[in-house]
Amino acid sequence: MKPADDTIERTAVVWFGRRDGGLTAAETEKLAAWIEADPRHAAAFTALEIASRSLDRLASFRPDTFSRPDPDLPLVPRRLAARSDIRRNRHWLPWGAAAAAALIFAFVIQTSSNDPSNPAHEQVSTTIGGFHKRSLSDGSVLELNTDSRVEITYSRAYRRIKLLQGEVYVSVAKDASRPFIVTAGKVDVRAVGTAFNVRLRPETVDVLVTEGRIQLDESTRGHASPAPGTTEPESTQVAAGERAVIPSEVTADRSLAASVQVEPVDRGEMGRLLAWQDKRLEFGPTPLRDIVAEFNRYNRHQLVVANEETGALSVGGTFRANEPETLVHLLQSSFGIVSEKRGRQTVLRRLP
């Protein structure tokens, strides 16, 4: 192996390990740029991916569960493994010792995260006004809005994201063998190779589908089979360009399928609902009370509507999410609103 090729292989190993641990948006762009810079970079990274997929076969291998060795796994004679000169036979390894060590490390991580009895757990959160984009090990991507928190659980049998608070946009990598489930309150959102937005509100769960199709189920039913004499609860399908609104509490006498409201969403409305991905807030004609509530999600300095008359004022526009003063200026200059700062609040009142 030439010194230059060895450097490429080592760099590929480093990127491969970092990608499995999750890359930021900036790191993802750097990796893509490195791969595209030289055909040898792409070849080295592809070789690692092929080898990693081959090693997935070992993830289910447990020697103490087999009475006989697995015939598909090669056995190394003990006398060969015991030879002191085995270290000198580095030409046996496809990419040198560094790549082999990285693949063994990747296998250990993969075995742990793919074991249904020992799934990998992780929590990701954002602060008020914060945003975070997270690439997952399977190629799926999460985008967290302000003041949001998710719990990620990956195993060989499933991929589950639990939305504990806030809002998340999910781009799901296709893997028919492992369901991708987002749980929000008492709702399970199931998807394969699709993209959708989930917002957990105090009284509802809102699901907006931008690509593909998702299935809504009651999360409380789990994976158990229906009791004898009963039928499987009906699921609700939601397609791209549709929005589902589900009450947070699904009563015993009213199923999720009977409670959910599905409505079409045009391109303009979809853009407004997802403007937060660009740290913007977009409103058509909207009551000021609702606009204030949205701004307060993104800022520690809170806006307060003084009375019902002020809150009912219809306003629209596009704003930076972290600049409530822009809204205040618009209200003062065009809508006859006066503002008064009181500590960490600004009170808005319409002049009589």
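The values are calculated or read from the model by the stated rules, or taken from the named source; none is laboratory data. Not measured: the values here are computed from a predicted model. As a convention, Cβ positions derive from the backbone with ideal geometry for all residues, glycine included, and neighbour counts pool all protein chains shown.
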request  = Tell me, please, whether a residue that is among the small types (Gly, Ala, Ser), outside the structural domain of Asp188 (by TED's automatic domain parsing) and at negative phi can be found in the stretch 283-295.
outcome  = yes
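For the stretch 296-342, list the strands (runs of 3 or more DSSP E) that sit wholly inside it and hold at least 1 residues that are surrounded by fewer than 14 Cβ atoms within 10 Å (Cβ to Cβ); which are they? It would help to see each step written out before you state the result.
Numbers: elements: 302-305, 314-320, 337-342.
Here the list reads 314-320, 337-342.
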task = Specify the residue that is modelled with the lowest pLDDT; the eligible residues are those in the stretch 225-253 that are touching a Pro at 6+ places or on another chain (Cβ under 9 Å) and over 23 Å from Gly166 (Cα atoms).
result = Pro226
ask   = Scanning the stretch 137-157 for residues that are of a type in the set (A, V, I, L, M, F, W, C) and part of a strand (DSSP E or B), which turns out surrounded by the most Cβ atoms within 10 Å (Cβ to Cβ)?
value = Val150
request  = Of the conditions (1) under 21 Å from Ser148 (Cα atoms); (2) in contact with a Ser or Thr (Cβ under 7 Å, 6 or more places away or on another chain); (3) surrounded by 18 or more Cβ atoms within 10 Å (Cβ to Cβ), Gln165 clears all except one; give me its number.
outcome  = (3)
task = From Leu31, Leu55, grab the single residue that is of a type in the set (A, V, I, L, M) and modelled with pLDDT under 80.
result = Leu55
remark   = Every listed condition ((1) β-branched (Val, Ile, Thr); (2) in contact with a His (Cβ under 8 Å, 6 or more places away or on another chain); (3) not in a strand (DSSP E or B)) holds for Thr346 save (3)
message = Looking only at the stretch 165-197, filter to residues that are touching a residue at least 60 places away in the same chain (Cβ under 8 Å) and in a strand (DSSP E or B); which one of those is nearest to Leu256 (Cα to Cα)?
response = Val187
remark   = When the stretch 327-352 is checked residue by residue, the ones that are under 39 Å from the mean Cα position of the chain (by Cα) and within 13 Å of Leu288 (Cα to Cα) are Leu327, Val328, Leu330, Leu331, Val347, Leu348
